[in-house]
Amino acid sequence: MRKFLFAFIFLSLFSDIQAQAPEKLSASEIFHEIEKLNFLGSVLYLAAHPDDENTRLISYFSNEQNARTAYLSLTRGDGGQNLIGPQIREELGVIRTQELLAARRIDGGQQFFTRANDFGYSKTADETLEIWNKKEVLSDVVWVIRKFKPDVIINRFDHRTRGTTHGHHTSSAILSVEAFELANNKDAFQNQLQYTETHQSERLFFNTSPWFYDNEEAFEEASKINFLKFDTGVYFPLKGLSNPEIAALSRSQHRSQGFGSTGSRGTQEEYLELIKGEIPEGKEDIFEGINTSWSRLEGGAEIGQILNKVQEDFDFTNPAASLPQLIAAYQLINELKNEHWKEIKSEQIKNIIAASGGLYLEAVAGSSAATPSQEVPVKLEAINRSDFAITLQKVELSPNNSSIEPAVTLKNNNGWSEELALKIPESTKATSPYWLNEEGTTGMYNVENRELIGLPETPNSTKAVFYLDFNGVQIPFSKEVVYKYNDNVFGETYRSFEIIQPVSVEFEESVIIFDNAQKRQISAKIVSGKENLQGTLTLDSGENWKIEPKSRNFNIAQKGGSVTLNFSITPPANESETYIIPKAKVEDKIYSEKTVHIDYEHIPYQTLVLPSKLKVAKLNIEKKGEQIAYIEGAGDVVPESLEQIGYKVTRISPAGISEASLKRFDAVVLGIRAYNIVEELKYKQNVLLNYVKNGGNLIVQYNTNRGLKTDNIAPYHLELSRDRVTDENAEVRFLAEDHPLLNYPNKINKEDFENWVQERGLYFPSAWAPEFTPVLSMNDQGETPKDGSLLVAKYGEGYYIYTGISFFREFPAGVPGAYKLFANMISIGK
């Protein structure tokens, strides 16, 4: 029974993505789904990150060959940068998870993950597999293979290239090669076998291309005896799009990475190199020699005959004409002995039956969220838009199993609706990404529930099951309870119906830096998830930090209402760091979590429940200057961080850059990747350099060397590279010990580079004019010194500073040394 329940969750997540508008298939789309129903082959594409996947191949296998196609991304992309907003780490991982799901909705694939945490760039597979916990990630790869049961596995990367590419990339291929045979070994990861069975895939390929060779000529000369070559540039008349056009639309969902892509038409050759298994004789079809028809299953031949007839006789003007045969096939599918294909094909054909009959089923909650024990009205709707006789026998709400038995015949285009109460059980957990529920490690998320591992999202716990009778054949249809409303701009808008905690408590800031011993006010916002919320809030802190008052009461009448409670906090005289932990007591329960919402147009509305904490640090920090101009780049919290230590920061748009407007500022700071994404900077660069020449300080944070908007980002020659130091604990050496950046107004010591997070820095310059002074040297183990992390040059009366140090990561983590060093950068020359 446990196997069945998990399989149902595993499959349903991919057929009906959370909080999306109901799928309403056209006749051509129904026909395409029938084609897929008639193909029993599976392919798993495997790589390390969101954006690594080859969307041309995923779309080709899904839409041309009609195969079950999935992408296994070992990580959720948590360690990257965010080009659309300030979210990083866990929140960025949630965004990129949803972007992958959006991509799969376009190219037709499914999506899986492991528990591996994207801890940032890694230069070696050995380092990656140590930080990840190789055994556990390998077990997750084996688990997904055993559950998905692919006939063919395709690696994006080459397992033979240790040390020559991103360590995550190579590790993904290494793990795939090992898992290929382990998945069929009953002695490997035996604890999985109470939920699933072993599985042996037929072939393992590496998706090679000229990109993996030194040049095109080297690729042409390479032996291709074990290569498959095929054209993925096919055109789909039913869709009106070429495969590369679909792939470009899919890839363009990775908006947080700026991967908008333009579609193409015509031939697109792809190459697969065989790693394990036997090469297909024709060297064009990965499924050659693998039975992908219904005859691969005992009892499947008759199903195939029925469905082939459905496909041959399909009426694009009346899809409901196929219902008798589809229902007959559905009955036979449910008699199959092969549980794996039975569950997959049962869900597929149910969706086709519903679409062919123009069947619309919906369960809409009266509010967007509810707390445990709360009762919510749910409006049920059912309509049959065909002449086929369908009877609605029963509707059951889960998890509390309240039900209604209308026993009504759904006549063509005559709708039925009713309201039913859903009471949320007291034990129901709040809606939140399951991999964030427990504290993990640098390299791994902690997921205790085996049945959740691999899934892209937390399964929705609230559903409505509609039991329909089709001429004596009862078929259950499960629909997630959703919330919808009318938006004045977008019209009918859907969101997930969510379970929320009764109380959310969040600080206005995540880090507060004290540059003196004076008390400051901190504010905690309490948001109520239900009506008439009453409780008491206390704040826990480390020793020597004084908080007044010790507690404060709150009383919020309305659900969704909030109140802000103020406390004063006095730091110790000496340097010190601690976390302030809120404890909201409501009805003898303590809540220390905050509810975070992520709202972007291209992905569903996301809700996260995360630990609430405020880092406070007392720093003996000095600074010169007061007014800072900040030109935003790809998004970071550097402006807010500088305000923490007493600077007055003015965010200015590129259009507002003029010699007159900059004159009053002690320093101008450019956000990360500003020269990569802010087009107007190429027209304002002379203004910025003149500002320096006239006595200002210009601080430029890291940019990539590809896609610069201007060639002269500095007053002197400066060449950017991809040099980076990924070890946050790498030794930092002082090249210019007497330089003001290391001495004024704050003395920088080796201790100031302790407790950094994720990395030292990235995209350091590799060559520069003699006018620049390199200040710091650092490198990862076994590499040559990288001296370009912090460069400063006198230009006219002012100073130009270029830095690849990852201040955008260190500031949110409250790293004291990062604040001191940045204050010195602003203060230079003053």
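Please name all residue pairs, on different chains or six or more residues apart, with Cβ atoms under 8 Å, provided the first residue is in region 86-108 and is charged (D, E, K, R) and the second residue is surrounded by fewer than 20 Cβ atoms within 10 Å (Cβ to Cβ) and part of a loop (DSSP other than H, G, I, E, B).
GLU99/HIS602; ARG105/ILE17; ARG105/GLN20
Are any residues in region 605-646 under 30 Å from VAL687 (Cβ atoms), touching a Ser or Thr at 6+ places or on another chain (Cβ under 6 Å) and either assigned to a strand (DSSP E or B) or of a type in the set (Val, Ile, Thr) (or both), and if so, which ones?
Within region 605-646, just ALA629 meets the criteria.
Determine which member of the set GLU335, GLU343 is buried (at least 17 other Cβ atoms within 10 Å of the Cβ) and of a type in the set (D, E, K, R).
GLU343
Please verify whether GLU577 is assigned to a loop (DSSP other than H, G, I, E, B) and outside the structural domain of ASP752 (by TED's automatic domain parsing), treating the condition exactly as stated.
no
Per-residue answers, yes or no, for (1) under 18 Å from the mean Cα position of the chain (by Cα); (2) surrounded by fewer than 24 Cβ atoms within 10 Å (Cβ to Cβ); (3) within 23 Å of SER201 (Cα to Cα):
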| site | (1), (2), (3) |
| --- | --- |
| GLU33 | no, yes, no |
| LYS36 | no, yes, yes |
| GLY41 | no, yes, yes |
| ALA48 | yes, no, yes |
| ASP51 | yes, yes, no |
| LEU57 | no, no, yes |
| LEU72 | yes, no, yes |
| ASN82 | yes, yes, no |
| GLU91 | yes, yes, no |
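Pick from THR170, THR196: which is farther than 28 Å from GLY120 by Cα and among the β-branched types (Val, Ile, Thr)?
THR196
Can you find, within region 406-429, the residue that is nearest to ASN318 (Cα to Cα) among those that are within 42 Å of the chain's Cα centre (by Cα) and basic (Lys, Arg)?
LYS423
Looking only at region 378-393, how many residues end up being of a type in the set (Lys, Arg) and not in a strand (DSSP E or B)?
Residues meeting the conditions: 1.
Any idea how many residues of region 319-339 are within 16 Å of ALA355 (Cβ to Cβ) and in contact with a Ser or Thr (Cβ under 8 Å, 6 or more places away or on another chain)?
Count: 6.
Name the single residue, out of those in region 116-134 being within 22 Å of TYR45 (Cβ to Cβ) and crowded, with 24+ Cβ neighbours inside 10 Å, that is farthest from the chain's Cα centre (by Cα). Reasoning before the result, please.
Looking only at region 116-134, we keep the residues that are within 22 Å of TYR45 (Cβ to Cβ), and these are 116-118, 122, 125, 128-129, 132, 134.
Among the residues that remain, those that are also crowded, with 24+ Cβ neighbours inside 10 Å are: 116-118, 122, 125, 128, 132.
On the way: ALA116: 13, ASN117: 11, ASP118: 11, SER122: 19, ALA125: 22, THR128: 20, TRP132: 18 Å.
So, considering only residues that are within 22 Å of TYR45 (Cβ to Cβ) and crowded, with 24+ Cβ neighbours inside 10 Å, the one farthest from the chain's Cα centre (by Cα) is ALA125.
Return only the number of the condition from (1) assigned to a helix (DSSP H, G or I); (2) in contact with a Pro (Cβ under 7 Å, 6 or more places away or on another chain) that GLY77 does not satisfy.
Looking at each condition in turn, GLY77 falls short on (1).
Checking TYR630 against (1) more than 30 Å from ARG255 (Cα to Cα); (2) of a type outside the set (Lys, Arg); (3) modelled with pLDDT of 95 or more: exactly one of these is not met. Which one?
All conditions are met except number (1).
GLU426 is checked against (1) more than 28 Å from LEU359 (Cβ to Cβ); (2) in contact with a strand residue (DSSP E or B) (Cβ under 8 Å, 6 or more places away or on another chain); (3) charged (D, E, K, R) and fails just one. What number does that condition carry?
(2)
Any residue at all in region 145-159 that is among the polar types (S, T, N, Q), touching a residue at least 24 places away in the same chain (Cβ under 8 Å), touching a helix residue (DSSP H, G or I) at 6+ places or on another chain (Cβ under 8 Å) and in a helix (DSSP H, G or I)?
Looking through region 145-159, none of the residues is among the polar types (S, T, N, Q), touching a residue at least 24 places away in the same chain (Cβ under 8 Å), touching a helix residue (DSSP H, G or I) at 6+ places or on another chain (Cβ under 8 Å) and in a helix (DSSP H, G or I).
Regarding region 180-187, can at least one residue be identified that is in a helix (DSSP H, G or I) and either not assigned by TED's automatic domain parsing to the domain that holds ILE279 or not acidic (Asp, Glu) (or both)?
Checked against the condition, which is being in a helix (DSSP H, G or I) and either not assigned by TED's automatic domain parsing to the domain that holds ILE279 or not acidic (Asp, Glu) (or both), region 180-187 yields at least one hit.
Anything in region 426-457 that is of a type in the set (Val, Ile, Thr) and either farther than 26 Å from PRO50 by Cα or modelled with pLDDT under 95 (or both)? List them, or say none.
Selection gives THR428, THR431, THR441, THR442.
Filter region 661-685 for residues that are among the hydrophobic types (A, V, I, L, M, F, W, C) and outside any loop (DSSP other than H, G, I, E, B) and give the result.
LEU662, ALA667, VAL668, VAL669, LEU670, ALA674, ILE677, LEU681
In region 722-740, how many are acidic (Asp, Glu), touching an Asp or Glu at 6+ places or on another chain (Cβ under 9 Å) and over 12 Å from ASP780 (Cβ atoms)?
0
Conditions (1) crowded, with 20+ Cβ neighbours inside 10 Å; (2) touching a Phe, Trp or Tyr at 6+ places or on another chain (Cβ under 6 Å); (3) of a type in the set (S, T, N, Q), marked per residue:
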residue: ALA363; (1), (2), (3): yes, no, no
residue: ALA370; (1), (2), (3): yes, no, no
residue: ASN384; (1), (2), (3): yes, no, yes
residue: LEU397; (1), (2), (3): yes, no, no
residue: ILE404; (1), (2), (3): no, no, no
residue: THR409; (1), (2), (3): no, no, yes
residue: TRP416; (1), (2), (3): no, no, no
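With the requirement that a residue be of a type in the set (A, V, I, L, M), closer than 15 Å to ASN729 by Cβ and in contact with a Lys or Arg (Cβ under 8 Å, 6 or more places away or on another chain), what does region 777-830 give you? Give the derivation first.
Let us first name the residues in region 777-830 that are of a type in the set (A, V, I, L, M), namely 778, 790-793, 801, 805, 813, 815, 818, 821, 823, 825-826, 828.
The next check asks that each one be closer than 15 Å to ASN729 by Cβ; those that pass are 778, 805, 813, 815, 818.
The answer is MET778, ILE805, ALA813.
Of the residues ARG104, ARG96, only one is of a type outside the set (Val, Ile, Thr), in contact with a strand residue (DSSP E or B) (Cβ under 8 Å, 6 or more places away or on another chain) and crowded, with 22+ Cβ neighbours inside 10 Å; which?
ARG104
So how many residues does region 631-671 have that are acidic (Asp, Glu) and in contact (Cβ under 8 Å) with a residue 60 or more places away in the chain?
3
Being among the small types (Gly, Ala, Ser) and modelled with pLDDT under 95 narrows it down to one of SER417, SER373, SER386, so name that one.
Result of the check over SER417, SER373, SER386: SER373.
The values are calculated or read from the model by the stated rules, or taken from the named source; none is laboratory data. Note that this is a predicted model, so its numbers are computed, not measured. Reconstructed Cβ throughout: ideal geometry from the backbone, glycine too, with neighbour counts over all protein chains shown.
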